[in-house]
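Just below is one structure, and these are the notes that go with it.
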2 protein chains.
Amino acid sequence: VKRVLVTGATGFIGRHCLLPLAARGFKIHALTHRVSGPEDVVWHICDMLDSENVARIVAQVRPTHLLHFAWVTEHGQYWHSLENIRWVAATLALLEAFVNSGGQRAVCAGTCAEYDWSHGGYFVENATPVIPASLYGSAKSALGQLQQAFAREASFSAAWGRVFFLYGPGESPARLVSSVCRALALSQPAACTIGKQLRDFLHVKDVADAFVALLDSDVEGAINIASGQGVSVHEICRLLGDIAGRPDLIRPGTISERVGEPACIVADIARLTNEVGWRPSMNLSDGLTAMLTAWRGRVVSGQ
Amino acid sequence: VKRVLVTGATGFIGRHCLLPLAARGFKIHALTHRVSGPEDVVWHICDMLDSENVARIVAQVRPTHLLHFAWVTEHGQYWHSLENIRWVAATLALLEAFVNSGGQRAVCAGTCAEYDWSHGGYFVENATPVIPASLYGSAKSALGQLQQAFAREASFSAAWGRVFFLYGPGESPARLVSSVCRALALSQPAACTIGKQLRDFLHVKDVADAFVALLDSDVEGAINIASGQGVSVHEICRLLGDIAGRPDLIRPGTISERVGEPACIVADIARLTNEVGWRPSMNLSDGLTAMLTAWRGRVVSGQ
């Protein structure tokens, strides 16, 4: 029996993992601090920072697999929040409890912010220098190294999925795609940057599906979870304007660029495609169309 | 008032810090799991892995300075002990408590095992690749990165002292200098390797004094704590034989070399000498003479 414990299971990525996990025959236990969802899942309400309580639940569940997303994730806050430090300690305690109860395979969420962004270009897991510029990136990178060293010593299997840029239902309204969709749905001008910089965007359902495929494989170490395709921020805005039939509402240059924005942050996904055998299923145009439709619904219903 | 909290204050390095700290005008609080020592120190008996208790003591003491040595240190065990993971979490909790109570300057003990030993040669803090081969090295290196990122974000001052090879009173009898001293004191043959490999040895009192000088400075980041001098393992054995007047008892080659021993692990100490302004005070010959004298005393008294 494959029995997985998912943390952050009501979060942005975690919630989309439940169906693909069930489809692959996992018995699902979910750790969350919020009220549970409807799927065929055993929910454990728990503060992840309460390590004793977490250890008790892990000992009860005895998961064979661990899929760990829980982290400080408030938009705009998480880059520099001191809580990043607490989440490193909480994750180490979680991994220890997992190992102590016989766990075999752990996959945790890392980030493209672990890489040295001053390099720009295509980021390759074991070649691009890991020089994080933020506390968030430092915390994730240190934890990723610890997870691998711990796994080697304690003989469990571990992978570290580095998430790039993602979008999809449930994202903060302040994020790029949602902020533009909201303006378009309200027939208002969408303030945009010039947006020449290339980013690697993947729909959150694909991100979740890739994590589940990674968990269900035996691939170890750092793996980029991304589309492998660079798209400019402007191109995303332009696409949304076209899909909405209102290209006139897209106003590039009305927001100034952030200082020091790197020109290109795109993943090399050779490990994901060749070793895990996973490819994105949703193209950008379809994903953006779905987002716009959802925002039109929200605007109509006054949400 | 400079008020320092020392962890591992009865340990191999920590115990030798108390006098130099007092000499520099620090009011000393010591965290230890063992019975206290005699110096003018406020002792707090506490299990460092009990983070709630640690946080309570830190909030009480409100240290301006932190000197953190406590770790899993059992000779031969600590390289691969899974407890390394727990000590990372315990240290993060300690640092958080320190910051929350207004702490200003934290110095923690790192290790030369953070560096890529396959490079050999002279290790330079911010140039030699950090690729640890053991869980101990990985845990320390990840923690060192976290400490620096945490310090930048929370605006406290932090340094990370990378300890090389050390010797002195209180070391495990299984370590190089003590095992040879013991044999010589008993007039027995001292089994040695061929011992061509160069190592950087520093007397533990100098190690402790360097840490205190570092704490009392405002130098930040990783700093090698070492002599900067390479000496072969054979040369140490030969010196001990000469000091004892029994060079005939030194038997190089009666122990086989460990597989993969790097030829040279020596520190570049430019940061320590130029930025901290500290230099070793004890030469190797004097340090070894003191060790041999102490072992002769122990053997006579049957200890």
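The values are calculated or read from the model by the stated rules, or taken from the named source; none is laboratory data. A quick note: this is a predicted structure, and the numbers were derived from the prediction, not measured. No Cβ is skipped: glycine too gets one built from the backbone with ideal geometry, and neighbour counts run over all protein chains shown. Calculation scope for accessible area: heavy atoms of the full protein, side chains included, ligands and nucleic acids excluded. Shrake-Rupley method; radii C 1.70, N 1.55, O 1.52, S 1.80 Å.
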To the nearest 20 debye, what is the magnitude of the charge dipole of the protein assembly as shown about its Cα centre, counting +1 on the Cβ of each Lys and Arg and -1 on the Cβ of each Asp and Glu? 580
Please find, in a Gaussian network model of chain A (springs between Cα atoms separated by less than 10 Å), the residue of A:Val58, A:Val99, A:Val41 whose mean-square fluctuation is greatest. A:Val41
Could you let me know the centre-to-centre spacing of region A:1-44 and region B:192-237, using Cα atoms, in angstrom? 51
Hz values of 3J(HN,Hα) by residue in region A:49-66 - Karplus curve (6.51, -1.76, 1.60), Gly and Pro given as x: 7, 8, 5, 5, 5, 4, 4, 5, 5, 4, 4, 5, 6, 6, x, 7, 10, 10
For region A:118-188, build the charge dipole from Cβ charges (+1 Lys, Arg; -1 Asp, Glu) around the Cα centre, then report which of A:Gly137, A:Ser178, A:Phe150 sits farthest towards its positive end. A:Ser178
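Please identify the trypsin sites (Lys or Arg not before Pro) of region A:224-283 that satisfy two criteria: DSSP loop assignment and at most 11 other Cβ atoms within 10 Å. Which are they? Mind dumping the intermediate values first?
On the way: sites: A:Arg238, A:Arg258, A:Arg271; in loops: A:Arg258.
Answer in residue order: A:Arg258.
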Accessible area of region B:50-118 belonging to carbon and sulfur atoms, whole % at 1.4 Å probe: 45
Can you list residues from other chains, or at least 5 along the same chain, whose modelled amide H is less than 5 Å from the amide H of B:Gly221? B:Ala158, B:Ala159, B:Trp160
Backbone HN-Hα couplings from phi across region A:105-114 [Karplus 6.51/-1.76/1.60, Hz, Gly and Pro as x]: 9, 10, 10, 10, 8, x, 8, 5, 6, 6
With the label 7 angstrom out along Cα to Cβ, how close does A:Pro169 come to the same site in each of the other copies, in nm, nearest first? 7.2
Taking one equal scatterer on every alpha-carbon of the protein assembly as shown, how large is log10 of I(q)/I(0) by Debye at q = 0.09, 0.11 1/Å? -0.79, -1.08
For the protein assembly as shown: accessible area per residue (Å², 1.4 Å): 41
Shortest first and in nm with one decimal, please list how far the B:Arg296 label point sits from its counterparts in the other copies (point 7 Å along Cα→Cβ). 9.5
Provide the FRET efficiency to the nearest 0.05 for the B:Asp218-B:Arg56 pair, computing r from the beta carbons and using R0 = 22 Å. 0.15
Across peptide A:132-141, how many C-beta atoms of other chains are within 10 Å of each residue C-beta, on average? 4
May I ask for the distance between the Cα centers of region B:250-303 and region A:62-83, given as a whole number of Å? 45
Copy-to-copy spacing for A:Arg152, label 7 Å out on the Cα-to-C-beta vector, in nm, shortest first? 2.5
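Using DSSP to define loop residues, name the GluC sites (Glu not before Pro) in region B:1-74 whose beta-carbon has at most 15 other beta-carbon atoms within 10 Å. Spell out each step's value before the answer.
Numbers: sites: B:Glu39, B:Glu52, B:Glu74; in loops: B:Glu39, B:Glu74.
Listed in order of number, the matching sites are B:Glu39, B:Glu74.
Mind grabbing the interface size between B and A? I mean buried accessible area, both sides, 1.4 Å probe, in Å² to the nearest hundred.
Details: alone 13540 and 13570 Å², together 25130 Å².
Chain pair B/A: roughly 2000 Å² of buried accessible area.
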Cβ-Cβ FRET estimate between B:Glu235 and A:Gln188, R0 fixed at 56 Å, reported to 0.05: 0.10
Mind checking which of B:Lys27, B:Lys196, B:Lys205 has the largest fluctuation in a GNM of chain B, springs on alpha carbons under 10 Å? B:Lys196
